[in-house]
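Undergrad: Dumping the structure here so I can ask a few things about it.
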Amino acid sequence: MNTIVDILASAGLWGAVLRIATPLILGTLGAVLCERSGVLNLGIEGIMTFGAMVGWLAVFNGADLWTGLLVAALGGAVFGALHALLTVTLGLSQHVSGLGVTLFASSFAYYVFRLLVPVSGSPPTIEPFQPISIPGLSDLPFIGPAFFTQTAPTYMAIALAILLAYILAKTPLGLAVRMAGENPHAAEAQGVNPMVMRYGAVIVGSALMGVGGAFLTLSAFNSFFPTMVQGRGWICIALVVFASWRPERALFGALLFAFSMASSCVFRPRLMAPCLIRYS
Amino acid sequence: MRFERREHRPAALVIATPLIAVVAALAVSGILIALAGAPVFEAYWKILVGAFGSKLSITETLTRATPLILTGLAAAVAFRAKLWNIGAEGQFYLGAIATAAVGARITEGMAPIIQIPILLAAGAVAGMVLLLLPLWLRLKFSVDEVVTTLLLNFVAILFVSMLVDTVLKDPMAFGWPQSEAVERAARLPKLIDRSRLHIGLLIAVAIAFAVHFVQSRTTFGMRARAAGLNPRGAVFAGVPLARTLVLVAMLSGGLAGLAGSIEVLGVKGYVTTDLSPGYGYSGIVVAMLANLHPLGVVLAALFTAVMFVGADGMSRSLGIPTYIADVTVALSLISMLVAVFFTQYRVRR
């Protein structure tokens, strides 16, 4: 029993919870934005994989880390545009198109990676984002090391969750996006073009998913390998429902899911050999 | 520019659709091969040689096509009734582990003629159960089955990985997480000696014909189609929607579970967590490429298997990553969706 209490009381576990939650937060925000505009984006798993690969590849070829995140966002946006073309313009089944985008984006990412990065014994690495201590707050006992010594993208993800919650709930733009999702005909009568709203939401949402994937390779870890996203995209799809389509609740949902993932890494390290994100 | 629904669809166009889609996918993949600096036509020739060049490669391609036919049928029958079963991967694994568990613990020693049908049935039932749960949630609480079936894949695979590392772990496997094996006598007979090809292929093709018969010649087939085309209209016309969907789910989940069962009994004899290289997900591509037609599924599964097996050989000789096969298969799904759209609509300026 004592060890369990020790583990739960360690700042390391709670720091890991935030770290593990970051890609889930970013992916879920992207998925919430898409779904609020009326498009289910099952491309998320592949878009995260592609973002993880392309962001890492940019940094590996000499770009700085923020450029890497930007490249991942653009890569996500391109696949978002493809999904929007299939589902909004052509009106094809969102489920099947999304799966098609996932299969295409992930296999394309693996193909490009294998082509440009030769197979070697130890995978090539980059210098990832380093933790930033927030002055003052990081000196607090327990809370400081757990929550205020994270890398920059983690802080950014939390800020984005709050920003997206505000935009969706309180601004005319957010209202227009929600109208396009709830009742496109009424939106059109109000002078809002639902097609434009859906395109915008899917492209921006997919860019967020790409950044979420890139967090894995640029901050949590320092190299890319196939299957590293490991179903995180699908977890995000579940989180959207869990958070009842609200960005601020997505934040807490992601933390809860991340807590259970972190616990499984801590309590059963032997079973969780691919515990990618370090927890101590 | 806008789209206008065609009043009638030319039959030739409908039949040509998958071919157009595959050619388009091969063209785009060809660009990727060219960008990698390899000769495109030689690469595709090498893929064909890799899939059909020798007796061994032909049997390997057909072995690979067998589970794809079954998971393709699983997706096709469900999608036709607008039951979005994305969970074939999980049903495949649950079917596989049920077969291994029953075979290793209960039926061992029985005559093969009795044992093999029991084991196949065990796999099918396991697959059914895993799909009936999300269907129940949909009928009772209108829970979207896309999300539930998709996420149950992970539940099923993690459950299987727990079993093969604990209670069902084979103590003779040098510590590797793999399940106890089904005895040799209860494996499916080989079609060709010294190859991996087993009679599962014949079972799968026979089932495709059976599904075609059921869909085109029985009341259930008509009801399932009506439930997909217009559920409210179907109810109005007296179709028992819930009962039809339950039957569709039993058929779809059963086929996916059977695919796992046949893969265990035909190829490996035991279960590991890499038994399926995504057969459940590829089955969705196969079903769409076949335009949800059961006999088309056989051809689409063959195409997919050719790409996967052939790409291995091509990769060895030209150095193009084997992932090109996954890219082509994914692209053919997308181009098929677009091609089907243009058989239904035309562009008007």
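Undergrad: Within the stretch A:222-232, identify whether any single residue is open to solvent by 10 Å² or more (accessible area, probe 1.4 Å) and in a helix (DSSP H, G or I), and answer yes or no. Lay out the reasoning, then the answer.
TA: Initial filter on the stretch A:222-232 (open to solvent by 10 Å² or more (accessible area, probe 1.4 Å)): A:222, A:225-227, A:230, A:232.
Next cut, in a helix (DSSP H, G or I) only: A:232.
Within the stretch A:222-232, one or more residues are open to solvent by 10 Å² or more (accessible area, probe 1.4 Å) and in a helix (DSSP H, G or I).
Undergrad: Quick one: would you say A:Ser138 is under 30 Å from A:Val202 (Cα atoms), in a helix (DSSP H, G or I), open to solvent by less than 60 Å² (accessible area, probe 1.4 Å) and among the hydroxyl-bearing types (Ser, Thr, Tyr)? So that I can check it myself, show each step before the final result.
TA: Working: under 30 Å from A:Val202 (Cα atoms): no; in a helix (DSSP H, G or I): yes; open to solvent by less than 60 Å² (accessible area, probe 1.4 Å): yes; among the hydroxyl-bearing types (Ser, Thr, Tyr): yes.
No: the conditions fail for A:Ser138.
Undergrad: Here's a follow-up. Any residue in the stretch B:320-348 that is within 22 Å of B:Ala11 (Cβ to Cβ) and at the interface with chain A (Cβ under 8 Å from one of its Cβ atoms) sitting within a Cβ distance under 9 Å of a residue that is among the aliphatic types (A, V, I, L, M) and not in a helix (DSSP H, G or I)? List the pairs, counting only those 6 or more apart or interchain.
TA: These pairs meet every condition: B:Leu337/A:Leu90; B:Leu337/A:Leu92; B:Val338/A:Leu90; B:Val338/A:Leu92; B:Phe341/A:Leu90; B:Phe341/A:Leu92.
Undergrad: So B:Thr272 fits all but one of (1) more than 22 Å from B:Asn153 (Cα to Cα); (2) surrounded by fewer than 24 Cβ atoms within 10 Å (Cβ to Cβ); (3) away from chain A (no Cβ under 14 Å); what number is the exception?
TA: Of the numbered conditions (1) more than 22 Å from B:Asn153 (Cα to Cα); (2) surrounded by fewer than 24 Cβ atoms within 10 Å (Cβ to Cβ); (3) away from chain A (no Cβ under 14 Å), the odd one out for B:Thr272 is (1).
Undergrad: Can you give me the number of residues within the stretch B:163-172 that are without any contact (Cβ under 8 Å) to a residue 60 or more places away in the chain and more than 9 Å from chain A (Cβ to nearest Cβ)? Lay out the reasoning, then the answer.
TA: Here is the first cut: in the stretch B:163-172, the residues without any contact (Cβ under 8 Å) to a residue 60 or more places away in the chain are B:165-167, B:169, B:171-172.
Retained after the next criterion (residues that are more than 9 Å from chain A (Cβ to nearest Cβ)): B:166-167, B:169, B:171-172.
Total meeting the criteria: 5.
Undergrad: Restricting the stretch B:340-349 to residues that are open to solvent by 20 Å² or more (accessible area, probe 1.4 Å) and of a type outside the set (Ser, Thr, Tyr), which is nearest to B:Pro18 (Cα to Cα)? Explain how you work it out, then say what you get.
TA: Kept after step one, since they are open to solvent by 20 Å² or more (accessible area, probe 1.4 Å), are these residues of the stretch B:340-349: B:340, B:342, B:344-349.
Those still in the list that are of a type outside the set (Ser, Thr, Tyr) too: B:340, B:342, B:344, B:346-349.
Values: B:Val340: 8, B:Phe342: 12, B:Gln344: 14, B:Arg346: 18, B:Val347: 20, B:Arg348: 24, B:Arg349: 26 Å.
For the stretch B:340-349, the residue satisfying everything is B:Val340.
Undergrad: Looking at this structure, is B:Leu135 farther than 30 Å from B:Ala186 by Cβ and within 14 Å of chain A (Cβ to nearest Cβ)? Outline the logic, then answer.
TA: Details: farther than 30 Å from B:Ala186 by Cβ: yes; within 14 Å of chain A (Cβ to nearest Cβ): no.
Taking the combined requirement at face value, the residue does not satisfy it.
Undergrad: Count, please, the residues in the stretch A:95-129 that happen to be more than 7 Å from chain B (Cβ to nearest Cβ), touching a residue at least 12 places away in the same chain (Cβ under 8 Å) and more than 19 Å from the chain's Cα centre (by Cα). Walk me through it before giving the result.
TA: Of the stretch A:95-129, the ones more than 7 Å from chain B (Cβ to nearest Cβ) are A:98, A:101-102, A:105-106, A:109, A:112-113, A:116-129.
Checking the rest, the ones that are also touching a residue at least 12 places away in the same chain (Cβ under 8 Å) come to A:98, A:101-102, A:105-106, A:109, A:112-113, A:116-117, A:123-129.
Filter once more, keeping what is more than 19 Å from the chain's Cα centre (by Cα): A:112-113, A:116-117, A:123-127.
Count: 9.
Undergrad: Six or more apart or on different chains, Cβ atoms under 8 Å: show the pairs whose first residue is in the stretch B:61-90 and on the phi > 0 side of the Ramachandran plot and whose second is open to solvent by less than 10 Å² (accessible area, probe 1.4 Å) and in a helix (DSSP H, G or I).
TA: What qualifies is B:Lys82/B:Ala227; B:Lys82/B:Gly228.
Undergrad: Now for a separate question. I need every pair where a residue in the stretch B:149-162 that is facing chain A (nearest Cβ under 10 Å) has its Cβ under 7 Å from the Cβ of a residue that is of a type in the set (Asp, Glu) and open to solvent by less than 40 Å² (accessible area, probe 1.4 Å), sequence separation at least 6 or different chains.
TA: Sorted first by the residue in the stretch B:149-162, then by its partner, the pairs are B:Asn153/B:Glu89.
Undergrad: Just checking, which of B:Ala65, B:Ala75 is of a type in the set (Gly, Ala, Ser), within 14 Å of chain A (Cβ to nearest Cβ), within 25 Å of B:Pro117 (Cα to Cα) and open to solvent by less than 30 Å² (accessible area, probe 1.4 Å)? It would help to see each step written out before you state the result.
TA: Numbers: B:Ala65 fails: within 14 Å of chain A (Cβ to nearest Cβ).
Just one listed residue meets the conditions, B:Ala75.
Undergrad: Could you tell me which of the residues B:Arg187, B:Arg138 is closer than 30 Å to A:Gln94 by Cβ, crowded, with 17+ Cβ neighbours inside 10 Å and basic (Lys, Arg)?
TA: Values: B:Arg187 fails: closer than 30 Å to A:Gln94 by Cβ.
On inspection, the qualifying residue turns out to be B:Arg138.
Undergrad: Next question, about the same structure. Which of the residues belonging to the stretch B:200-217 are in contact (Cβ under 8 Å) with a residue 60 or more places away in the chain, open to solvent by 50 Å² or more (accessible area, probe 1.4 Å) and not aromatic (Phe, Trp, Tyr)?
TA: B:His212, the sole residue that qualifies.
Undergrad: Of the conditions (1) out of contact with any Pro (no Cβ under 9 Å at 6 or more places or on another chain); (2) at pLDDT 95 or above; (3) open to solvent by 20 Å² or more (accessible area, probe 1.4 Å), B:Pro277 satisfies every one except a single condition; which number is it?
TA: Of the numbered conditions (1) out of contact with any Pro (no Cβ under 9 Å at 6 or more places or on another chain); (2) at pLDDT 95 or above; (3) open to solvent by 20 Å² or more (accessible area, probe 1.4 Å), the odd one out for B:Pro277 is (2).
Undergrad: Answer yes or no: is there a residue in the stretch B:247-255 that is over 29 Å from B:Phe220 (Cα atoms) and crowded, with 24+ Cβ neighbours inside 10 Å.
TA: Applying the first criterion (over 29 Å from B:Phe220 (Cα atoms)) to the stretch B:247-255 yields none.
Looking for residues that are over 29 Å from B:Phe220 (Cα atoms) and crowded, with 24+ Cβ neighbours inside 10 Å, one finds none in the stretch B:247-255, hence no.
The values are calculated or read from the model by the stated rules, or taken from the named source; none is laboratory data. Note that the structure is predicted; figures quoted are calculated from it, not measured. All Cβ positions, glycine included, derive from the backbone under ideal geometry; neighbour counts span all protein chains shown. Only protein heavy atoms, including side chains, enter the accessible area calculation; ligands, DNA and RNA are left aside. Shrake-Rupley method; radii C 1.70, N 1.55, O 1.52, S 1.80 Å.
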